[in-house]
Each structure stands twice: as C-alpha cells, then as structure tokens.
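The structure appears right after this line, and notes come after that.
All of the numbers you see were taken from the coordinates with simple rules; none came from a lab. The structure presented is a predicted model; accordingly, all values stated were derived computationally and were not measured. In this analysis, Cβ positions are derived from the backbone assuming ideal geometry, glycine residues included, and neighbour counts consider all displayed protein chains.
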Amino acid sequence: MKIDFTGQSILVAGAARGIGRGIAQGFAAAGAQVFAGDRLATEMEGLPATAAQVDVTDRAALRRWVSDATAAGGRAPDVLVYVAGGVLGQSPQPMEEVEEADWRAILDVNLTGAFLAAQAVVPGMKARGRGRIVFIASGAGLRTSLTGIQAYASGKAGEIGLTRQLAQELGRFGITVNAVAPGFQRTSPDYERQWQSYSPERQAGLIEGTAMRRPGTPEDIAHAVMFFASDYAGFVTGQILSVSGSP
C-alpha cells in the first residue's frame, strides 16, 4: 500500500509539538502541501510546512487561516487534521474545587475548537464534493482519563460524539469524518510532568500494561491519520481508531 498526497492541501491544527508535528511531517513526506497552525508559532520552526499562529478557539482566526491557506495553495483544503487540545497546564482537583473558567478553557480547546475548525473547512470541501476530517481524540474519551481532569475526559468524549455526528451529516457531500484515539504519550510539557509524577513502578506498569510493551510515538498516530485521509479510507466514516498498542 502506497499512500501519496502529492498535489493535496493539508491543514494541521495544533502542529507545533509532538503528535501534531509528527502528523505535519508525515504528510509533507508523502508529497502534500502542509499548512500548520498553532498558537505556539515559534515552535513550528523547521517544519516542512507553511506555519501560522492560530488560536483555535477564535472562529474568525480559524476562518482567516483557512482562507489564507486556500489562497496560498490554490485550492480549498483537502484534509483537516485537528490535533489541538490538552490540559493547558492544569492539574487534577476534586470536582467541587474546579473553577468554571478552567473547565471552559479545556472544553474550548479540545471540543469547541474542533467544531469551529471543521466549520471553517466544510464549505470548500462541499464545493469540491470531497474532503477528509480527522480529529485527534484520546483514550480518555473512551474510558476514564489518566490525567484525572474532568474537563479533559469530557472534552475528548465530546470530540468522539462530534466525529460520529458530523460523519452522518457530511457523508452525502463526499466528506468523511473520523478520529484517532492515542494512548498516553510524553509529547508535551504537561504530559511529561504527568509522567514524572508517577513512581518508577507505575511507569513500568503502564508500559507493561500495553500489549506491544512500548510507548507510542507521534509517527504511530501519523500513520493512522494518513490512512483515514487517504483514498483507501474513502468508505470509512464516523470511526474511532484506538492507537494505543493495546486491544
């Protein structure tokens, strides 16, 4: 199987670090013209992509990004990959102590941003009669979250629900919507801090608890995303693919 994206325009929202960066690199290596968006503009240096600072919780900013990418690429985006999210530096607290602003901030970047980004690319995809949208969800949306953060688990579960609902709505226009749910990866300062908070015994237990007996990598996730974005997945939509090294 050879997956090739030559001539295609790919948008990756949340491309500065870890999984998002790996996805942007994977598409570029497969011939795509990649447009990378992230609020951490300085951390996108060196990416084989056109980088732009984008706040994914700002509807107008997302629409400007899509418009600029359409103009620069000479075509509406073929693929949107929404990776942005995370815990925003927050730590687990008893639910009665969680501030409303903290709850909303995590939901905004993990769920609302996914909706707004999809909303920005769908008109162009409808006009072409084809498109691919891939959300990066999490194992936290399929079961309880290792983070212990209520808003993160809720946001990722919501992203999975959004995947299925948009797939149903957009299929008639030739647009597929799928999600990849990674297992735990040490791909950002927040997740590295979480990892370091565990005892050596718990760290070893997490690795031994995976069927593959190794941690996942951004490349593992990129490969799954690229399958969903390819012609090989043209009749696959509304699906959630766990890429965690375990059943």
*Relative contact order of the chain: what whole-number percent is it, with Cα pairs under 8 angstrom and at least 6 residues apart?*
20
*Against the longest alpha carbon principal axis of the chain, how many degrees, from 0 to 90 and to the nearest 10, is the axis of helix 113-128 turned?*
20
*asked:* Rg/Rh for the range 136-221 to two decimals, with Rh computed the Kirkwood way over all alpha-carbon pairs.
replied: 1.06
_Excluding exposed DSSP-loop GluC sites (Glu not before Pro) (at most 15 other C-beta within 10 Å), longest clean stretch of the chain_ = 100-247
*Treat each spin label as a single point 7 Å out from the Cα along the C-beta direction, and report the residue 208 to residue 130 distance in nm.*
5.0
*Theoretical ellipticity at 222 nm over the chain - DSSP helices of four or more residues, -39500 (n - 2.57) apiece, nearest 500*: -13000 deg cm²/dmol
*Name the residues whose placed amide hydrogens come within less than 5 Å of the amide hydrogen of residue 243, ignoring near sequence neighbours (fewer than 5 apart) on the same chain.*
181, 183
*Amide H neighbours of residue 236 under 5 Å, counting only residues 5+ apart in sequence or on other chains, H built in-plane at 1.01 Å?*
none
*In the range 126-199, which trypsin sites (Lys or Arg not before Pro) fall in coil by DSSP and have 16 or fewer other Cβ atoms within 10 Å?*
130, 143, 186
_Could you work out how much longer the chain between residue 119 and residue 172 gets when fully extended? Use 0.36 nm per residue separation minus the Cα distance between them, nm to one decimal._
17.5 nm
*Would you mind computing, in nm to one decimal, how far apart the modelled labels at residue 201 and residue 72 are, each placed 7 Å from Cα along Cα→Cβ?*
5.1
*When only alpha-carbon atoms count, how far does the range 14-62 stretch along each of its three principal axes, as whole angstroms with the largest first?*
30, 17, 16
*Net charge near residue 231, counting Lys/Arg +1 and Asp/Glu -1 over other residues with Cβ under 12 Å of its Cβ?*
+1
*By counting other Cβ atoms within 10 Å of each Cβ, how are 125, 95, 212 ranked from fewest to most?*
95, 212, 125
*asked:* Need one number: nm distance between label points at residue 1 and residue 41, each 7 Å from Cα along Cα→Cβ, rounded to one decimal.
replied: 3.8
*For the range 68-172, what is Rg from Cα atoms divided by 2.2 N^0.38 Å, rounded to two decimals?*
1.22
*Quick one: longest stretch of the chain between exposed loop chymotrypsin sites (Phe, Trp or Tyr not before Pro), exposed meaning at most 16 other C-beta atoms within 10 Å and loop per DSSP?*
1-197
*Using only alpha carbon positions, build the gyration tensor of the chain, then give the equivalent ellipsoid semi-axes as the square roots of 5 times its eigenvalues, largest first, whole angstrom.*
28, 20, 18
*asked:* Distance between the C-alpha centers of the range 8-46 and the range 170-247? Whole Å please.
replied: 17
